[in-house]
Amino acid sequence: MDARFCDELAIGFSWLIAEPATRTSHALAAAGRFWLVDPVDWPPALQRALGLGAPAGVVQLLDRHKRDCAGIARRLDVPHLVVPEAIPGSPFQCIPVLRKRGWRECALWWPEARTLVVAEAVGTNRFFRAGGELVGVHLLLRLTPPRVLTTYEPEHVLVGHGEGVHGAGAASALRDAVTRSRRSLPRALLQAPAFAVDAARRRRGSP
């Protein structure tokens, strides 16, 4: 598996799988415990996470984002929390993002760390972003963007697809993505076929 670490923070780290979908997983730690969010099983990351403290749980923010969540939770002997409404004993608030058949998603907000974690509603890889966006709304949600996310002012936006956005501009990048999602839909639609073809070519190993 071709993977690398990213989003190095005082509260934890992320790892990204080098593939067209750029699946990103997170390890977040507080008070000697850590939680894994939407993890893909990459041994170097899991070994490093054990250095953060005692495992407390595996959080799956999207119902269909199964990844390796269940297996890792069993291995660590911790709860596997699927689209939770609350995570007792953690620093996180759970934000309902979408509740519909086939797409149940929540996000995590860590107020003290000003960190927002979103699985699928927004992302930063090229399939999500249109034009010069730093963060983009999922193509299927651009007509009905997740406006609930704009009520938060994160310094760190961690996503399930791509590297996070950090610093003073993170909140405005998220807000722009949501408020301009409809306006940028035509551009997103135009670039989607080319990206899909390129992704298929990469999966086949073609030049």
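The values are calculated or read from the model by the stated rules, or taken from the named source; none is laboratory data. Predicted model, so just to flag it, every value in this text is computed and none were measured. FYI the Cβ positions are ideal-geometry reconstructions off the backbone, even for glycines, and counts take in every protein chain you see. Just the protein is used for accessible areas: all its heavy atoms, side chains included, with ligands, DNA and RNA removed. Shrake-Rupley method; radii C 1.70, N 1.55, O 1.52, S 1.80 Å.
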### Dipole in debye (nearest 20) - the chain, about Cα centre, beta carbon charges: Lys, Arg +1; Asp, Glu -1
860 debye
### Message
Quick check: net charge around Glu105, other residues with Cβ under 15 Å of its Cβ, Lys/Arg +1 and Asp/Glu -1?
### Response
+4
### Query
How much accessible surface does Arg129 have with a 1.4 Å probe, in Å² rounded to 10?
70 Å²
### Query
How big is the accessible area of Phe5 in square angstrom, nearest 10, if you roll a 1.4 angstrom probe over the protein chains?
70 Å²
### Query
So between Arg4 and Arg99, what do we pick up on full extension, going 0.36 nm a residue minus the alpha carbon distance?
31.0 nm
## Note on the structure
Farthest towards the positive end of the dipole of the stretch 1-158, among Pro146, Pro111, Pro39 and with Cβ unit charges of +1 on Lys and Arg and -1 on Asp and Glu, lies the Cα of Pro146
### Task
Calculate the all-directions average of the projected area of the chain's alpha-carbon convex hull, and give it in nm².
11.3 nm²
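For the chain, what does the helix formula give at 222 nm: sum of -39500 (n - 2.57) over DSSP H segments with n ≥ 4, over the residue count, nearest 500 deg cm²/dmol? If you can, show how the numbers build up before the last one.
Details: 4 runs with 45 residues, N = 207.
Rounded to the nearest 500, it is -6500 deg cm²/dmol.
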